[in-house]
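The values are calculated or read from the model by the stated rules, or taken from the named source; none is laboratory data. Since the structure is predicted, the reported quantities are computational estimates derived from the model, not experimental observations. Heads up, the Cβs are rebuilt from the backbone with ideal geometry, glycines too, and the neighbour counts pull from every protein chain shown.
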């Protein structure tokens, strides 16, 4: 019965097999009683397939009444059919692909949704459904990403990354411009111990020429002695 349901979608063959199963079941029960009883359990206690036999009956937990399971009258297993379409909702689409492949497959989602893979990834990221793993640079589901050594992942994200790419002409000019802007700025700091006002050292860079250091001291404060 199970093999037939997995291999065939022919309802006529299924109905014929269900009739045969019912005949075998009624014959057994007429001679030995239901499958879910103490005496039957003792006979099949070492049989690993005994749970499959007991699944042919439904037992009411309150009244202990036994009835036939759905397998005698309905299709309980569907043959495998590959995914051919996905819902537009990002989460529902991702869950169906996970059930199909056992992993995140944005390429399959892209083909079934007829969208560029970059757009599919952008939608999943915007919905906080996937994240990029910092070491592998691969996208993972939120459940997978937030499991394992999360502290190490945070340390990896906070660690500075050094770039070995050569600097482009635009970047070099921008860096030189930033240096010129920095040299032309005015740096002011207090001399002496913190909080003192003995003097202020200012280094100014004119539009052309070298920097000219100068000392600007605050005006003297005259203290009058009170008689």
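Descriptive notes on the structure:
- Residues considered: 10, 37. Of these, the only one that is surrounded by 12 or more Cβ atoms within 10 Å (Cβ to Cβ) and without any contact (Cβ under 8 Å) to a residue 40 or more places away in the chain is 37.
- Those helices (runs of 4 or more DSSP H) of the stretch 102-196 in which 1 or more residues are over 30 Å from residue 82 (Cα atoms) and at pLDDT below 80 occupy 150-158, 169-183.
- Residue in the stretch 71-87 that is at pLDDT 90 or above, in contact with a strand residue (DSSP E or B) (Cβ under 7 Å, 6 or more places away or on another chain) and not in a helix (DSSP H, G or I) present: no
- Against the conditions (1) assigned to a loop (DSSP other than H, G, I, E, B); (2) out of contact with any helix residue (DSSP H, G or I) (no Cβ under 7 Å at 6 or more places or on another chain); (3) touching a residue at least 12 places away in the same chain (Cβ under 8 Å), residue 53 satisfies every one except (1).
- Test: residue in the stretch 76-84 that is surrounded by 15 or more Cβ atoms within 10 Å (Cβ to Cβ), within 30 Å of residue 141 (Cβ to Cβ) and touching a helix residue (DSSP H, G or I) at 6+ places or on another chain (Cβ under 7 Å): yes
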